[in-house]
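Structure first, then comments.
The values are calculated or read from the model by the stated rules, or taken from the named source; none is laboratory data. What you see is a predicted model; the values in this text were computed from it and never measured. No Cβ is skipped: glycine too gets one built from the backbone with ideal geometry, and neighbour counts run over all protein chains shown. Only protein heavy atoms, including side chains, enter the accessible area calculation; ligands, DNA and RNA are left aside. Shrake-Rupley method; radii C 1.70, N 1.55, O 1.52, S 1.80 Å.
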Amino acid sequence: MNVDHIKMLFDIGELNSLFINTANIESFLQKIVTLVSEHMLADVCSIYLYNKSTDELVLKATKGLNTDLINKVKLKNGEGLVGTALKELRAVSEAEGSQNPQYKYIPDLHEEEFQSFLAVPLLQGNYKIGVLVIQRKAERPFTSTDVLALRTISVQLASMLANAKALAMPVEDQTDSITDYADDILPKMIKGKVASEGYAYSRLKIISNKNNYLTDNNFCFLNTYTINDFKEALITTENQLEDLQKKVEEKLSDAASLIFSAHLLILKDKQLIDKITALIQNNVNPPDAIIQIFTEYRNIFLKSTELIIQEKTQDLDDLATRIIDNLLSKEDQTNKFSDHIVITREVFPSELLKLSAENISGLIMVGGGVTSHISILARSLQLPMIIADDMKLMSIPETSKLLMDAHIGNIYINPTDEIVKTFEQRNEAQKSFLENQKQLILPATTEDKIKIKILANINLLSDLKSINTDIIDGIGLYRTEFPFLIRNNFPSEEEQFIIYRKLIESLPGKPITFRTLDIGGDKVLSYYDKTVEQNPFLGMRSIRFSLTHMDIFKQQIRAILRASAEKDVKIMFPMISSLDEFFMCKNLINECQNELKSSGIDYNINPKIGVMIEMPSLLFIINSLAEAADFFSVGTNDLVQYTLAVDRTNEKVAHLYQPHHPAILRSMKIIADAAKKYKIELSICGDMAGMPEYIPFLLGIGIRHFSIGTTYIQKVKSIIRSLSVKECKKTAKILLSKNEVTETSEIIDKFKTKFQTE
Ligand code: PEP
Ligand code: MG
């Protein structure tokens with residue numbers, strides 16, 4: 001069969017429209033089986049969903065078999081060919097299904113004439129969703145390409161079907177609790193830490209549990225509403241969600257991830273809406289009816305042992321609140337946070353994204369739950385953010401105005417006109433300075449005419465919006481985990497393919513370095529494995545995660561290879577500790593290339609494959625590594641952390657985090673010498689490359705590629721232009737001759753002062 005059909009079918013837009021045009025979940029599933037059967041040229045397509053509590057697969061939709069048996073055909077896990085696919089977590093393909101001893105005859109299903117059988121399990125990570133089955137008449141058996149195609153389809157469908165499955169569970173009861181905060185007298189100014197630079201002056205909204213109608217038992221609705229008000233609120237909610245979805249896509253194409261798809265799907269759940277409607281017809285006030293039924297569903301989700309289902313309570317809370325808000329107020333709730341500073345105690349990356357889509361002016365995080373990827377994301381979204389550990393913030397009246405100076409971390413409550421004026425002037429001056437800087441396209445050539453390449457570090461595609469891309473020579477580090485961090489579930493191969501292709505197309509002719517998933521450490525996925533590790537930076541992080549979850553790893557590699565066919569692309573692996581790990585990664589690339597080749601899909605036949613040097617163990621095998629790799633990129637953030645055994649996120653030991661430590665400087669020299677000897681490209685992509693005081697040393701040991709955050713580019717370029725490599729070599733030699741930290745720190749500090757005043 002023609003693989004282009006699959007590409008077309010699983011285009012995000014098409015899946016999106018599938019949701020939007022679907023009246024309820026049953027018909028959504030029915031549409032899927034019809035589409036899949038058409039694209040796979042199959043006579044039959046069926047979806048079975050897995051019920052963990054009964055350990056059974058239930059037929060939920062079919063095209064081609066007897067639809068009267070939907071919800072009636074139930075197979076134990078492992079029973080029949082369908083059950084075998086789930087139990088053994090593999091595709092089952094048979095030219096003559098009934099000949100297989102595992103085959104189970106089901107009366108009245110009418111599958112006798114469709115002997116050619118192919119079933120693939122539907123999985124999301126370790127979570128079993130069900131089985132997707134296609135069948136044909138015996139004379140047209142399925143090929144290995146069909147198996148591959150159906151697997152691709154099943155991966156693409158998994159997250160949506162997980163939502164559908166969550167909604168199809170039986171109702172049970174459970175209670176919930178809330179927390180509350182103390183009130184206090186407000187100060188004029190609260191000090192916090194800068195997480196993302198910027199300035200904001202606006203009204204505020206506090207997000208606390210009180211905004212959640214499902215978890216707060218104290219709501220009393222004074223007005224009575226009609227069934228028509230309820231229906232109107234549903235339509236408004238649907239329009240708002242579709243609008244938000246569009247805005248997110250405009251802002252961050254990486255999030256073209258159907259982030260609101262779960263909400264839209266719940267909204268289309270006929271059973272749920274019918275239950276609410278029935279209560280309203282029995283004279284229950286619509287907001288109370290919504291709370292009652294949504295709470296039933298919430299309790300079911302909470303009771304699930306599957307994290308992936310428990311996570312969905314967030315979506316239910318969100319949706320119920322949105323519908324009720326729309327019901328109570330005739331005013332448009334779409335932009336209820338728009339142009340407001342949001343104060344909250346906890347936020348997931350996906351929630352931050354929603355808030356950013358609503359154009360909030362700033363974010364203040366109060367106390368715990370702060371992980372650094374929220375700050376990095378806020379920076380990518382160019383959203384001012386301050387972290388302040390002061391509970392008084394939660395009780396500021398929402399009628400107040402706040403001024404956030406996220407350059408130094410001050411929050412002013414109802415500031416005087418004078419303060420506001422001073423800040424506005426400073427902000428204007430800063431903005432025009434940045435605008436002018438954006439226009440400058442000066443080459444990074446040293447005084448003695450050595451050309452240096454300046455590459456950008458990016459986390460999300462939107463990072464490129466803040467710069468004129470003419471000022472960079474390419475991307476030296478694309479942290480691919482960020483599209484994973486901002487979502488509610490793992491992006492599929494197809495979604496990643498679209499993101500990666502967009503990035504490649506936005507920088508024609510310039511090389512792009514993809515760093516494969518670097519999850520773990522402080523970068524925790526909201527939707528995956530909440531087990532707490534004792535030492536997360538020494539645990540299941542980065543390449544260890546990828547090599548343990550080969551399915552996820554392979555999808556990413558395939559997506560990169562597909563997106564970069566005939567393009568100048570590099571792939572590098574983070575946290576590599578041995579040659580063996582590097583070879584495993586290289587082999588995987590090879591395997592993916594072979595698979596793509598045999599499926600007739602275009603792919604990159606010759607990407608440059610490199611290693612991130614982040615572990616001290618590599619120093620001792622650096623020559624063999626240089627022989628095996630196409631390039632090195634030094635991740636100094638981790639190299640310093642692991643060499644000096646200093647947690648890079650722990651403030652208590654921050655003074656020991658010393659990139660100028662003689663051991664680090666000498667490690668860098670060893671790496672540079674190996675790269676030179678084996679004639680492979682070497683770049684620095686850790687923060688050290690963007691710190692002015694280290695530039696002379698780095699140039700001196702032979703670094704010619706600097707990969708840095710977009711905000712540091714102009715500064716680094718102008719420093720490079722002021723230096724001569726000849727002089728830098730002398731500096732490096734002196735630094736390398738020092739044995740004590742105090743000695744190297746004295747020299748580095750001098751450069752720091754020099755560049756600060758320039
Ligand atoms: C590094 O460790 O220096 C690096 C660039 O990777 P990250 O900061 O994403 O861990
Ligand atoms: Mg790193």
Quiz item: If Ile701 passes every condition in (1) over 20 Å from Pro659 (Cα atoms); (2) touching a Lys or Arg at 6+ places or on another chain (Cβ under 7 Å); (3) not small (Gly, Ala, Ser) but one, which one does it miss?
Solution: (1)
Quiz item: Within the range 460-472, how many residues are touching a Pro at 6+ places or on another chain (Cβ under 8 Å) and modelled with pLDDT of 90 or more?
Solution: 0
Quiz item: Scanning for something touching a residue at least 24 places away in the same chain (Cβ under 8 Å), within 16 Å of ligand 1 (Cβ to nearest atom), touching a strand residue (DSSP E or B) at 6+ places or on another chain (Cβ under 7 Å) and assigned by TED's automatic domain parsing to the domain that holds Ser667, does the range 598-605 turn up at least one residue?
Solution: no
Quiz item: For the range 446-485, how many residues meet the condition of being within 11 Å of ligand 1 (Cβ to nearest atom), not in a strand (DSSP E or B) and not hydrophobic (A, V, I, L, M, F, W, C)?
Solution: 3
Quiz item: Do we find that Asn650 is among the polar types (S, T, N, Q), open to solvent by 40 Å² or more (accessible area, probe 1.4 Å) and more than 38 Å from the chain's Cα centre (by Cα) in this structure?
Solution: no
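Of the residues Asn587, Asn623, Asn594, Asn637, which is within 16 Å of ligand 2 (Cβ to nearest atom) and surrounded by fewer than 18 Cβ atoms within 10 Å (Cβ to Cβ)?
Asn637
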Exercise. Consider only pairs whose beta carbons are under 8 Å apart and that are at least six residues apart or on different chains; among these, list those whose first residue lies in the range 187-209 and is within 25 Å of Asp317 (Cβ to Cβ) and whose second residue is at pLDDT 90 or above and among the basic types (Lys, Arg).
Key: Arg203/Lys401; Leu204/Lys401
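Got a sec? Which of Ile178, Ile206 is at pLDDT below 85 and not in a helix (DSSP H, G or I)?
Ile178
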Self-check item: Of all residues in the range 552-584 being in contact (Cβ under 8 Å) with a residue 12 or more places away in the chain and of a type in the set (D, E, K, R), the one that is farthest from ligand 1 (Cβ to nearest atom)
Solution: Glu566
Self-check item: Failed condition for Asn739, given (1) surrounded by 15 or more Cβ atoms within 10 Å (Cβ to Cβ); (2) in a loop (DSSP other than H, G, I, E, B)
Solution: (1)
Quiz item: Picking from Ser46, Ser53, Ser93, which residue would you name as being under 19 Å from Glu112 (Cα atoms) and either out of contact with any helix residue (DSSP H, G or I) (no Cβ under 9 Å at 6 or more places or on another chain) or open to solvent by 10 Å² or more (accessible area, probe 1.4 Å) (or both)?
Solution: Ser93
Exercise. Answer yes or no as to whether Ala85 is in a helix (DSSP H, G or I), in the same structural domain as Ala158 (by TED's automatic domain parsing) and either touching a Ser or Thr at 6+ places or on another chain (Cβ under 7 Å) or under 19 Å from Ala149 (Cβ atoms) (or both).
Key: yes
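Could we say that Tyr500 is assigned by TED's automatic domain parsing to the domain that holds Leu639, modelled with pLDDT of 85 or more, open to solvent by less than 10 Å² (accessible area, probe 1.4 Å) and within 16 Å of ligand 2 (Cβ to nearest atom) here? Don't jump to the end; show me each part of the working.
Numbers: assigned by TED's automatic domain parsing to the domain that holds Leu639: yes; modelled with pLDDT of 85 or more: yes; open to solvent by less than 10 Å² (accessible area, probe 1.4 Å): yes; within 16 Å of ligand 2 (Cβ to nearest atom): no.
No, not satisfied.
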Practice problem: Please list, ordered by first then second residue, the pairs with beta carbon atoms under 8 Å, 6 or more apart or interchain, first in the range 222-247 and assigned by TED's automatic domain parsing to the domain that holds Pro287 and open to solvent by 40 Å² or more (accessible area, probe 1.4 Å), second modelled with pLDDT under 85 and part of a helix (DSSP H, G or I). | Solution: Glu238/Leu264; Glu242/Ile20; Glu242/Leu264; Lys247/Ala357
Practice problem: Output the residues belonging to the range 666-689 that are within 34 Å of the chain's Cα centre (by Cα) and surrounded by 21 or more Cβ atoms within 10 Å (Cβ to Cβ). | Solution: Ser667, Met668, Ile671, Ala672, Ala675, Leu682, Ser683, Ile684, Cys685, Gly686, Met688, Ala689
Exercise. Looking only at the range 634-683, count how many residues are more than 16 Å from ligand 1 (Cβ to nearest atom), in contact (Cβ under 8 Å) with a residue 40 or more places away in the chain and among the hydrophobic types (A, V, I, L, M, F, W, C).
Key: 4
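With the condition kept exactly as written, say whether any residue in the range 501-508 is under 26 Å from Asn606 (Cβ atoms) and free of Cβ contacts under 8 Å to residues at least 12 places away in the same chain. Can you show your working first?
As a first pass, look at the range 501-508 and keep what is under 26 Å from Asn606 (Cβ atoms): 501-508.
With free of Cβ contacts under 8 Å to residues at least 12 places away in the same chain added as a condition, the list becomes 505, 508.
Scanning the range 501-508 turns up at least one residue that is under 26 Å from Asn606 (Cβ atoms) and free of Cβ contacts under 8 Å to residues at least 12 places away in the same chain.
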Practice problem: Tell me, yes or no, whether the range 450-457 has at least one residue that is more than 16 Å from ligand 2 (Cβ to nearest atom), at pLDDT 90 or above and out of contact with any strand residue (DSSP E or B) (no Cβ under 9 Å at 6 or more places or on another chain). | Solution: yes
Quiz item: Right, Gly686: within 16 Å of ligand 2 (Cβ to nearest atom) and touching a Gly at 6+ places or on another chain (Cβ under 6 Å) or not?
Solution: yes
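Test Leu619 against the criterion of being within 16 Å of ligand 1 (Cβ to nearest atom), assigned by TED's automatic domain parsing to the domain that holds Lys679 and in contact (Cβ under 8 Å) with a residue 24 or more places away in the chain, and give yes or no. It would help to see each step written out before you state the result.
On the way: within 16 Å of ligand 1 (Cβ to nearest atom): yes; assigned by TED's automatic domain parsing to the domain that holds Lys679: yes; in contact (Cβ under 8 Å) with a residue 24 or more places away in the chain: yes.
So Leu619 passes the test.
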Practice problem: Name, by its number, the condition in (1) in contact with an Asp or Glu (Cβ under 8 Å, 6 or more places away or on another chain); (2) of a type in the set (Val, Ile, Thr); (3) under 30 Å from Lys431 (Cα atoms) that does not hold for Thr753. | Solution: (1)
